[in-house]
1. Of all residues in region 41-53, which are in contact (Cβ under 8 Å) with a residue 40 or more places away in the chain and either among the hydroxyl-bearing types (S, T, Y) or part of a helix (DSSP H, G or I) (or both)?
2. Based on what the data block shows, is L130 crowded, with 16+ Cβ neighbours inside 10 Å and closer than 19 Å to A51 by Cα?
3. Quick one: count up the residues across region 16-41 that are buried (at least 19 other Cβ atoms within 10 Å of the Cβ) and small (G, A, S).
4. When you look at A59, is it over 19 Å from L160 (Cα atoms) and either under 13 Å from the mean Cα position of the chain (by Cα) or of a type in the set (S, T, Y) (or both), yes or no?
5. Hey, does region 46-57 have a residue that's farther than 23 Å from Q137 by Cα and loosely packed, with under 15 Cβ neighbours inside 10 Å?
Amino acid sequence: MEVEVTQAEFNYCPGCGVLGAHWQQLCNALLSLYEGDGRLTEALALFRKAAYPDAARAALISIEMELKRLGKTENYGSQLVDDVLSFEYDKKEQMYPREPIIKINDLSSQSDRNEQDGIRLLISGMFKGLRNVLMHQHVKFSPIHALSVVVISNLLIDILNHGSISNERKCVWRKVPLPNKPAGDDVQ
């Protein structure tokens, strides 16, 4: 049985997982933005080898290692997330009986507390919903899904290290060469 697939839809080999040359160049240009600090070195190398589930797993493990490093703890998984990011706030007394070990902002407003808790829930959900599955089951993972996990992992590690997304950030601009898409270059 033959299925007609357009170039826009067919961006990697469903048999071996290798990206077409054009898509490899585009992904490499994007991934090069994350190479500077070395946090995702293993995940990036695995992605470039078309080991997509392994790349996603390595990116999630990078978040876990960063939480351990910043929180100075050896716990793991969602328990680690709760230990270092959760807090208790007494609305009546307007005080914190327990502050988080890793604070991504000063928790001075409801919006700040929501952001802190949202990041905690996001990381915990990624550990429960993705990392555990990738660690304990053989999963086929598309390049797009793996790339998404790498990108969000980078964002979360950045927030853990530099705080709230509402903080002023220093942008580093550099040119990234983008390839022209040659006709018929998608199939390897």
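Any read-out appearing in this document is the output of simple, stated calculations on the displayed coordinates, not a laboratory observation. All values derive from a computational prediction rather than experimental measurement. Reconstructed Cβ throughout: ideal geometry from the backbone, glycine too, with neighbour counts over all protein chains shown.
1. Keep residues of region 41-53 that are in contact (Cβ under 8 Å) with a residue 40 or more places away in the chain, which gives 43-44, 47, 50, 52-53.
A43, L44, F47, Y52, P53, listed by residue number.
2. Working: crowded, with 16+ Cβ neighbours inside 10 Å: yes; closer than 19 Å to A51 by Cα: yes.
Yes: the conditions hold for L130.
3. Result for region 16-41: 1.
4. Working: over 19 Å from L160 (Cα atoms): no; either under 13 Å from the mean Cα position of the chain (by Cα) or of a type in the set (S, T, Y) (or both): yes.
So A59 fails the test.
5. Of all residues in region 46-57, those farther than 23 Å from Q137 by Cα come to none.
No, region 46-57 has no match at all.
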